[in-house]
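Below is one structure, written out as structure tokens; comments come after it.
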Amino acid sequence: FAAGGAVRLKTSRRAPELGPQGVGSARNRAVEMAEGEVLVFLDADDVMLEGRVEEMRRLCLEHPDAIVGSDFEREPRDATPRYTEYHRSLNNSNLLAFAFRDAPMAMPTLACHRRVFDRVGGFKEGRGIPEDLHFIYAHLLLGGALHKTPSVLVRYRHHPAMTSLTLSRRTLLLVRVAAFEALVLPAWADRAARARGAGDGALSPPASWSA
């Protein structure tokens, strides 16, 4: 968005011989061309609702070390009711507690300060890759935070050609398990060692990962 509310678009083309490089590659190329300090993501098949850019910019500047997301409305409204209800149940008090059940925030709603993107190193590229999960978990592994506003700022469309429907449950599970092993188990192991040293057999999850 340029001065005065005008919209300025940039486009990019890759050599045809390279073939499709996946959604992560497209996002990375877009960020390379972007000039602002705040990155607001939107998939081509979804709709940004009024006020989203302003709200995401405000939140990203208030929380420059966080990935920021929002609630969404589904189109059609009766598509994936359990998935929609799951995301509506998430808020800043339980995002981390449910981070390994599914993506803690829906990718079409995400935004972040450019320094978050640079610290992570961008999205993982390639076909058949859940680039949103990789990005969020890499961010958390670096000590980053998550922040969600309950405002509905995106119309998230569901249709048979969605890229996310091409990902196998096994692929998603392997990514979540690897993230759990990297983010949670070391903290549990440390607490277990300290509990044994103190003669205390009880062990509870790390406080930061509790509901």
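Looking at Phe123, is it surrounded by 15 or more Cβ atoms within 10 Å (Cβ to Cβ), at pLDDT below 95 and among the aromatic types (Phe, Trp, Tyr)? When the stated conditions are applied, Phe123 does not pass them. Taking each residue of region 64-76 that is on the phi > 0 side of the Ramachandran plot and surrounded by fewer than 20 Cβ atoms within 10 Å (Cβ to Cβ) and looking for partners that are not in a strand (DSSP E or B) and not hydroxyl-bearing (Ser, Thr, Tyr) with beta-carbon atoms closer than 8 Å, six or more apart or interchain, yields nothing.
The set of residues from region 33-45 being at pLDDT 95 or above and either assigned to a helix (DSSP H, G or I) or surrounded by 18 or more Cβ atoms within 10 Å (Cβ to Cβ) (or both) comprises Val38, Leu39, Val40, Phe41. For region 101-118, the condition holds for at least one residue, the condition being that it is among the basic types (Lys, Arg), within 15 Å of the chain's Cα centre (by Cα), open to solvent by 30 Å² or more (accessible area, probe 1.4 Å) and under 20 Å from Arg52 (Cβ atoms). For region 169-181, the count of residues that are open to solvent by 30 Å² or more (accessible area, probe 1.4 Å), among the polar types (S, T, N, Q), modelled with pLDDT of 90 or more and under 19 Å from Leu95 (Cβ atoms) is zero. If you check Ala79, Ala138 for being out of contact with any Leu (no Cβ under 8 Å at 6 or more places or on another chain), of a type in the set (A, V, I, L, M), assigned to a helix (DSSP H, G or I) and surrounded by fewer than 20 Cβ atoms within 10 Å (Cβ to Cβ), only one passes: Ala138. Within region 48-55, can one find any residue that is more than 25 Å from Arg115 (Cβ to Cβ) and either open to solvent by 40 Å² or more (accessible area, probe 1.4 Å) or modelled with pLDDT of 60 or more (or both)? Within region 48-55, one or more residues are more than 25 Å from Arg115 (Cβ to Cβ) and either open to solvent by 40 Å² or more (accessible area, probe 1.4 Å) or modelled with pLDDT of 60 or more (or both).
The values are calculated or read from the model by the stated rules, or taken from the named source; none is laboratory data. What you see is a predicted model, and the numbers here were worked out from it, not measured in a lab. Glycine gets a Cβ as well: all are built from the backbone with ideal geometry, and neighbour counts include every protein chain shown. Keep in mind that these areas ignore ligands, DNA and RNA; they rest on the heavy atoms of the full protein, side chains included. Shrake-Rupley method; radii C 1.70, N 1.55, O 1.52, S 1.80 Å.
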